[in-house]
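Each reported figure results from applying straightforward, stated rules to the coordinates on display, with no laboratory input. Not measured: the values here are computed from a predicted model. Note: ideal-geometry Cβ built from the backbone for every residue, glycine included; neighbour counts use all protein chains shown.
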Amino acid sequence: MKASLLTTLLASLFLSGCVTIPQDIKGNTGLLTTANYRSINQDISRFKGQEVRLGGRVLNVVNTRDETLFEIAVLPLDDSARPLLGSAYQGRIIVKASKFIEPLTLKDHLVTVLGNVVGTTDGKVGQAEYKYLTLSLLGYQVWQIRDSITPVNYPPYGMYGPGSYWRDGYGWGPGNPALMSGWGWYPGEPMFQIEPQVVE
């Protein structure tokens, strides 16, 4: 059981160290700006026409005759362009795609989009007026969430101390002869926790 758990952990760590940005959202490195949502939204005219990469959770999808529009609650991205789970939402954007996209493949999912900044779209969040940063879609990646095993407080040296010579309630003395191990070195038990991880 311990060997299986360790194998799973090592495989998880290996895969996490080999992550790359998917081709559909990689973009043109000569044109792509690494600016985040806040800096873009504060000076939209400066970034208009530029290629940007943003992501988060899809809240709504609308299909019209000629295009698909979807609303994203924006999350910060990690180095591999995956939305960072547990982070605070930064704002909302509208993404326009000049093609039909099945709403069920997007709604309530985590996505990262590559697009050109086209300006803003006036809308509402509930009854509040809201001005959405708007992108023209170039590419997108839908993410899945899976559980990942990570080590926590791994004891590096184990411990040195009494074994079966300690009898509950009676202090020192022989217990079951078959179980007596006395003083000695005992390897520390690895401790793990399960955390959600964003994957392709």
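3J(HN,Hα) couplings calculated from phi for segment 32-37 with the Karplus curve 6.51 cos²θ - 1.76 cosθ + 1.60 (θ = phi - 60°) are, in sequence order, 5, 8, 8, 4, 8, 4 Hz; Gly and Pro show x.
Checking every one of the chymotrypsin sites (Phe, Trp or Tyr not before Pro) in segment 89-137 against DSSP loop status and a limit of 16 other Cβ atoms within 10 Å picks out 89, 100.
Considering only beta bridges that DSSP places wholly inside segment 21-146, some 90 percent are antiparallel. Checking every one of the trypsin sites (Lys or Arg not before Pro) in segment 21-104 against DSSP loop status and a limit of 15 other Cβ atoms within 10 Å picks out 26, 48, 65, 99.
Placing a label point 7 Å from the Cα of residue 100 along the Cα-to-Cβ direction, the residues of segment 64-78 with a backbone N closer than 16 Å are 64-69. Subtracting the Cα-Cα distance of residue 90 and residue 125 from 0.36 nm times their residue separation leaves 11.2 nm of extension gain.
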